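This structure is in structure tokens; I'll ask about it shortly.
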Ligand code: FES
């Protein structure tokens with residue numbers, strides 16, 4: 001293979017070329033490794049601090065077999081890994097850091113192409129953002145979902161069922177022993193969460209974007225076919241170098257519209273809105289919240305997987321996975337988009353079909369006629385907010401009620417189980433200072449737990465509003481990503497307990513029923529809260545993170561057009 005990028009390192013005349021060759025040969029490679037073989041990086045987010053990605057070294061071994069079989073040289077390298085369960089204050093604070101690590105590791109090294117190994121929530125968007133900016137040929141290989149656990153005869157969807165069972169435990173309906181049993185089986189293998197949470201959504205959207213081989217997203221982590229598709233991806237990436245197919249040629253506006261369409265059909269995570277905007281921004285495409293709402297209105301939610309539906313990722317895999325979902329909504333997709341196997345999306349899905357019409361519903365039996373996510377606007381969220389309609393209660397989608405305001409999450413956690421908390425089923429819970437700058441890091445705190453006293457009365461849902469995100473595994477009538485956030489002076493900052501709030505999802509409205517001059521008067525005396533960091537990465541984050549409607553990328557990493 002001629003004119004390889006890696007030639008700039010290894011074919012340099014003189015001392016430096018010799019030294020680079022020598023140092024690679026020190027890893028045991030013979031001299032003919034430099035006879036035209038392409039170098040393929042395997043960017044591995046493996047970490048024992050991230051259970052979801054803990055098997056990725058085995059996946060990397062399979063990718064290496066494929067690269068070698070196709071005549072390339074695989075070189076595995078680490079990136080930071082973002083384990084959703086462990087990292088504080090939140091993995092979202094480090095997504096951009098990982099994206100920078102990925103981008104600069106690719107750019108600085110003698111790589112002709114890269115295979116991106118990911119799984120847990122933020123690792124997929126971070127890999128895509130970094131690879132899009134570096135723009136050498138790239139394929140994503142997700143680690144796949146974990147296998148479902150079983151508790152008292154019930155299959156458990158990690159995240160979603162854990163939260164439901166926790167409500168039983170904290171209201172005394174599960175014993176300590178039973179709760180411990182749940183702990184032992186809810187995450188029983190490597191791999192990411194088993195429901196259509198953020199991880200499953202983002203790996204499915206990587207596939208919808210054309211950045212994985214078809215069928216990659218839903219194969220369970222322990223399934224032998226996970227290793228097989230990893231090996232095929234290793235072979236395919238070598239061919240990508242010959243074709244010169246870089247991410248910027250795959251990640252077109254039409255490809256992002258396909259991803260948004262699939263997001264809606266999946267009933268996928270609201271976090272995908274932020275991540276897709278950020279990934280698109282890296283290739284100079286400005287996605288707006290209106291793009292999501294426009295596509296949601298014409299896309300049925302056909303995938304019956306928790307938290308919007310009943311099944312798990314394993315079931316989606318057996319039903320045909322993302323290709324079968326895309327086939328079901330083929331008329332809504334841009335079939336001509338390129339993908340990393342050299343074929344178009346339309347060619348890849350032409351012969352796929354659903355093997356289970358209850359998991360991937362026919363369009364006339366869709367879970368909902370419109371997509372799973374709606375974008376709300378109004379004087380409470382001038383730059384938008386989102387709600388996962390398919391995980392909300394139908395009777396609350398049009399609601400008017402008095403606000404009960406928590407200034408911070410700490411206050412909310414301290415008060416939510418008070419027996420004398422002055423709330424009822426009509427109250428709208430409001431929590432602020434939980435956005436990108438306010439929390440900081442835009443954590444998944446938006447799923448405000450139901451007050452215990454209401455749970456005891458049999459109330460299982462109420463309207464909740466914040467400038468936080470929510471785990472893709474969560475559910476409820478929960479309004480998220482309110483922008484601008486309260487910490488920068490968005491109107492959420494001046495809501496008072498007792499103010500009436502009007503939600504009308506059908507009309508896409510979120511309003512504070514307070515006179516505009518009163519709102520402006522309150523905002524005039526708004527004071528910016530103290531900064532959380534004065535040094536290090538935290539300071540960089542606070543100085544440069546953008547708001548939710550812009551994807552929360554750093555302003556200096558986005559092309560100017562998207563800032
Ligand atoms: Fe990693 Fe859920 S904790 S995907």
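The values are calculated or read from the model by the stated rules, or taken from the named source; none is laboratory data. Computed from a predicted model, the values in this text were never measured in an experiment. Neighbour counts run over all protein chains shown; Cβ positions are idealised from the backbone, glycine included.
Mind checking which residues of the stretch 60-79 are under 22 Å from the mean Cα position of the chain (by Cα) and either surrounded by fewer than 19 Cβ atoms within 10 Å (Cβ to Cβ) or within 15 Å of the ligand (Cβ to nearest atom) (or both)?
Matches in the stretch 60-79: 78 only.
Please count how many residues of the stretch 90-120 are touching a helix residue (DSSP H, G or I) at 6+ places or on another chain (Cβ under 9 Å) and under 30 Å from residue 183 (Cβ atoms).
First, the residues of the stretch 90-120 that are touching a helix residue (DSSP H, G or I) at 6+ places or on another chain (Cβ under 9 Å): 91-107, 109-120.
Checking which are under 30 Å from residue 183 (Cβ atoms) leaves us with 91-95, 98, 117-120.
Number of matching residues: 10.
Matching residues to (1) surrounded by fewer than 24 Cβ atoms within 10 Å (Cβ to Cβ); (2) on the phi < 0 side of the Ramachandran plot; (3) more than 16 Å from the ligand (Cβ to nearest atom); (4) touching a residue at least 60 places away in the same chain (Cβ under 8 Å):
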{"residue": "186", "(1), (2), (3), (4)": "yes, yes, no, no"}
{"residue": "208", "(1), (2), (3), (4)": "no, yes, yes, yes"}
{"residue": "214", "(1), (2), (3), (4)": "yes, yes, yes, yes"}
{"residue": "218", "(1), (2), (3), (4)": "no, yes, no, yes"}
{"residue": "221", "(1), (2), (3), (4)": "no, yes, no, yes"}
{"residue": "225", "(1), (2), (3), (4)": "yes, yes, yes, no"}
{"residue": "228", "(1), (2), (3), (4)": "yes, yes, yes, yes"}
{"residue": "232", "(1), (2), (3), (4)": "yes, yes, yes, yes"}
{"residue": "235", "(1), (2), (3), (4)": "yes, yes, yes, yes"}
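Continuing with this model, one more query. Any residue at all in the stretch 293-306 that's under 18 Å from the mean Cα position of the chain (by Cα), crowded, with 23+ Cβ neighbours inside 10 Å and assigned to a loop (DSSP other than H, G, I, E, B)?
Yes, the stretch 293-306 contains at least one residue that is under 18 Å from the mean Cα position of the chain (by Cα), crowded, with 23+ Cβ neighbours inside 10 Å and assigned to a loop (DSSP other than H, G, I, E, B).
In the stretch 447-461, how many residues are closer than 14 Å to residue 388 by Cα and more than 16 Å from the ligand (Cβ to nearest atom)? Spell out how you get there, then give the answer.
Step one: of the stretch 447-461, the residues closer than 14 Å to residue 388 by Cα are 447, 461.
Now narrow it down to the ones that are more than 16 Å from the ligand (Cβ to nearest atom): 461.
Matching residues across the stretch 447-461 total 1.
Next question, about the same structure. Quick check: anything in the stretch 506-518 touching a helix residue (DSSP H, G or I) at 6+ places or on another chain (Cβ under 6 Å) and assigned to a loop (DSSP other than H, G, I, E, B)?
Step one: filter the stretch 506-518 for residues touching a helix residue (DSSP H, G or I) at 6+ places or on another chain (Cβ under 6 Å), giving none.
The answer is no; no qualifying residue exists.
Still on this structure, please answer the following. Considering only the stretch 107-151, give the strands (runs of 3 or more DSSP E) lying wholly within it that have at least 1 residues that are modelled with pLDDT under 95 and within 16 Å of the ligand (Cβ to nearest atom). Before the answer, list the steps.
Values: elements: 113-118, 138-142, 149-151.
Counting at least 1 such residues, we get 149-151.
A further question on this structure: What number of residues within the stretch 167-202 satisfy the criterion of being under 25 Å from residue 457 (Cα atoms) and assigned to a loop (DSSP other than H, G, I, E, B)?
5
Of the conditions (1) within 16 Å of the ligand (Cβ to nearest atom); (2) in a helix (DSSP H, G or I), residue 100 satisfies every one except a single condition; which number is it?
(1) is the only condition that residue 100 fails.
Checking the conditions here, which among 331, 342 is assigned to a loop (DSSP other than H, G, I, E, B) and surrounded by fewer than 22 Cβ atoms within 10 Å (Cβ to Cβ)? Reasoning before the result, please.
Details: 331 fails: assigned to a loop (DSSP other than H, G, I, E, B).
Just a single option satisfies the conditions, and that option is 342.
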